[in-house]
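One structure is given below, encoded as structure tokens.
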Amino acid sequence: MGLFEERAKRTEWFLEARFGMFIHWGLYAIPARGEWVKSNEKITAEDYDSYFEEFNPVRYNPKEWAKLAKEAGMKYAVLTTKHHDGFCLFDSAYTDYKSTNTKCKRDLVREYVEAFREEGIKIGFYYSLLDWHHPDYPHYGDRQHPMRDEESFKGAEHNWKNYVEYFHNQVRELLTNYGKIDIMWFDFSYDNERLKGTEFEHMSGETWKAKELVTMMRELQPDIVIDNRLGGDARKEEPDLHAGDFVSPECMMPDGDALDVLGRSIPWELCLTLNENWGYVRNKAWEYKSVENVIHMLVECVSKNGNMLINVGPNAKGEIPKESIGILREVGEWMKGNSDSIYGCGKSELEKPEWGRYTQRGNMLYAHIYDRRVGAFRFPGLEGKVKKVRFLEDGSELRLVRPWNGEDHKKDAFVELENAKLYDERDTVIE
Ligand code: FHN
């Protein structure tokens, strides 16, 4: 079986799941100005480590996080085990910069795994390839990120081989000490010939020794699904070994499905924030996406054969912001009556209709009708084929009405919406 077929088999559950929770959490929740605060504000290691001394999430209860994910209809979760600042939320034998050495003395990853596994939610680990704490990762005086200062990078003292060995060892720990792990979500590489000879070149699959890493991972967890941010090219007829099992854009696929050079569909997942930030920020309620917007984007991802991983950023006490909780609970209400049009669904062979989107599973077609202006509408390409239309939520009938010109409605599948509320009822099933 080639890598393309292996990838297809490995991602069967992933394409069924469609909807996951991203969780960005760490020391940066204390400054509460986003997960890049150390780099953006050029905070020195000494000043940033005061957050390490202070970190004590006394209200961290991942069982509550897991229940929220379940309530929202999410089938998998991805927690930052280490972000760019290098702080490890797990008890690593390779560093002292870890949660078990903070006041809380807890292996935060282990508690996350146990809580989400108990809710039957697939377990994902995010792991940053960048590391602004490790002595052998390129540093620049008060600058924390190699992409900011080419000159000082070339002179910096660091032993790249040591750093690569360090992070390979940590990945081995994560895939050995916490049971079955379903997703490994690396972040991020620049695998691009253009970058050879620049300060970026160390951020590539080759220098991460990504192929060796993936080989090791597959020995430890043969079924694990890996993202494409280790580098490599997922679009090749025979994808690169380290190109991962799914493509992870941070903006919506504009033209639909992710395709390889042969036009074959590649699993993809849109990752995005619920507000404006990945890490905790004291966002104002109006900086959050609306429930309608979140549902729209989930449907759009699925209508284009994609998944959606939407982020929560817990605060320094270990709580998910109330605004995030409220939105995800309402999305969950919609999912209760409409998840048949999401789980395991994908792109329809029909053109996108003007009034919304189609998702399809087998011969079951789902019409997600967003356009408030229509009272009756047709299903282009289905003229004369529509036998019945039902509201997914309650099974109630949508009447097929005679078109204005009196022609036999069987020829033109017009459907009249009767006082349908948006979302709760307009997601319909067409047979
Ligand atoms: O730099 C990170 C960022 O903090 C965040 O983790 C996102 C999530 O996809 N990934 C990188 C930016 O692409």
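Filtered by the rule that a residue be open to solvent by 40 Å² or more (accessible area, probe 1.4 Å) and within 14 Å of PRO222 (Cβ to Cβ), the range 165-178 gives a lone residue, THR176.
From the set of residues in the range 257-279 that are part of a loop (DSSP other than H, G, I, E, B) and over 17 Å from the mean Cα position of the chain (by Cα), which is surrounded by the most Cβ atoms within 10 Å (Cβ to Cβ)? Within the range 257-279, the match that is surrounded by the most Cβ atoms within 10 Å (Cβ to Cβ) is ASP260.
For the range 1-39, the candidate set comprises residues that are among the aliphatic types (A, V, I, L, M) and more than 18 Å from the chain's Cα centre (by Cα); within that set, the residue that is nearest to HIS242 (Cα to Cα) is LEU3. Of all residues in the range 88-98, none are more than 16 Å from the ligand (Cβ to nearest atom), under 30 Å from GLY344 (Cβ atoms) and either in contact with a Pro (Cβ under 6 Å, 6 or more places away or on another chain) or open to solvent by less than 10 Å² (accessible area, probe 1.4 Å) (or both).
Of the residues GLU238, GLU250, the single one that is within 14 Å of the ligand (Cβ to nearest atom), under 30 Å from PHE4 (Cβ atoms), in a loop (DSSP other than H, G, I, E, B) and open to solvent by 10 Å² or more (accessible area, probe 1.4 Å) is GLU250. Filtering the range 1-38 to residues that are in a helix (DSSP H, G or I) and open to solvent by 20 Å² or more (accessible area, probe 1.4 Å) leaves LEU3, PHE4, GLU5, GLU6, ALA8, LYS9, ARG10, GLU12, TRP13, LEU15, GLU16.
Counting the residues of the range 46-74 that are acidic (Asp, Glu) and modelled with pLDDT of 95 or more gives 4.
Looking only at the range 131-143, filter to residues that are within 16 Å of the ligand (Cβ to nearest atom) and surrounded by fewer than 22 Cβ atoms within 10 Å (Cβ to Cβ); which one of those is modelled with the lowest pLDDT? Across the range 131-143, the extreme among qualifying residues is ARG143.
Among residues belonging to the range 66-85 that are assigned to a loop (DSSP other than H, G, I, E, B) and more than 30 Å from ASP136 (Cβ to Cβ), point out the one that is nearest to the ligand (Cβ to nearest atom).
Checked the range 66-85; the qualifying residue nearest to the ligand (Cβ to nearest atom) is MET74.
Restricting attention to the range 10-37 and to residues that are within 13 Å of the ligand (Cβ to nearest atom) and of a type in the set (Val, Ile, Thr), the residue that is modelled with the lowest pLDDT turns out to be VAL37.
Looking at GLY231, GLY205, which one is within 15 Å of the ligand (Cβ to nearest atom) and open to solvent by less than 20 Å² (accessible area, probe 1.4 Å)?
Going through GLY231, GLY205 in turn, just one is within 15 Å of the ligand (Cβ to nearest atom) and open to solvent by less than 20 Å² (accessible area, probe 1.4 Å): GLY231.
Listed by first and then second residue, the pairs with beta-carbon distance under 6 Å, at least 6 apart or on different chains, first residue in the range 164-175 and closer than 9 Å to TRP208 by Cα, second open to solvent by 20 Å² or more (accessible area, probe 1.4 Å) and outside any helix (DSSP H, G or I), are VAL164/LYS209. Can you tell me which residues in the range 52-65 are open to solvent by 20 Å² or more (accessible area, probe 1.4 Å), closer than 24 Å to THR273 by Cα and in a helix (DSSP H, G or I)? Result: LYS63, GLU64. As a summary of the residue check, VAL294 satisfies the conditions (1) among the aliphatic types (A, V, I, L, M); (2) modelled with pLDDT of 90 or more; (3) more than 30 Å from GLU35 (Cα to Cα) except for the one numbered (3).
For the range 162-189, taking the residues that are among the acidic types (Asp, Glu) and over 16 Å from the mean Cα position of the chain (by Cα), the one that is nearest to VAL78 (Cα to Cα) is identified as GLU173.
Residue count for the range 258-277, restricted to those that are within 13 Å of the ligand (Cβ to nearest atom) and out of contact with any helix residue (DSSP H, G or I) (no Cβ under 9 Å at 6 or more places or on another chain): 2. Taking (1) out of contact with any strand residue (DSSP E or B) (no Cβ under 8 Å at 6 or more places or on another chain); (2) touching a residue at least 60 places away in the same chain (Cβ under 8 Å); (3) away from the ligand (no atom under 15 Å from the Cβ) in turn, SER50 satisfies each apart from (2). Checked against the criterion of being out of contact with any Pro (no Cβ under 7 Å at 6 or more places or on another chain), open to solvent by 10 Å² or more (accessible area, probe 1.4 Å) and closer than 26 Å to LEU270 by Cα, the range 39-51 contains one or more residues that satisfy it. The lone criterion from (1) charged (D, E, K, R); (2) modelled with pLDDT of 95 or more; (3) closer than 16 Å to VAL171 by Cα left unmet by LYS289 is number (3).
The values are calculated or read from the model by the stated rules, or taken from the named source; none is laboratory data. Because the structure is predicted, anything quoted here is derived from the model rather than measured. In this analysis, Cβ positions are derived from the backbone assuming ideal geometry, glycine residues included, and neighbour counts consider all displayed protein chains. Areas reflect the complete protein model, heavy atoms only, side chains present, ligands, DNA and RNA absent. Shrake-Rupley method; radii C 1.70, N 1.55, O 1.52, S 1.80 Å.
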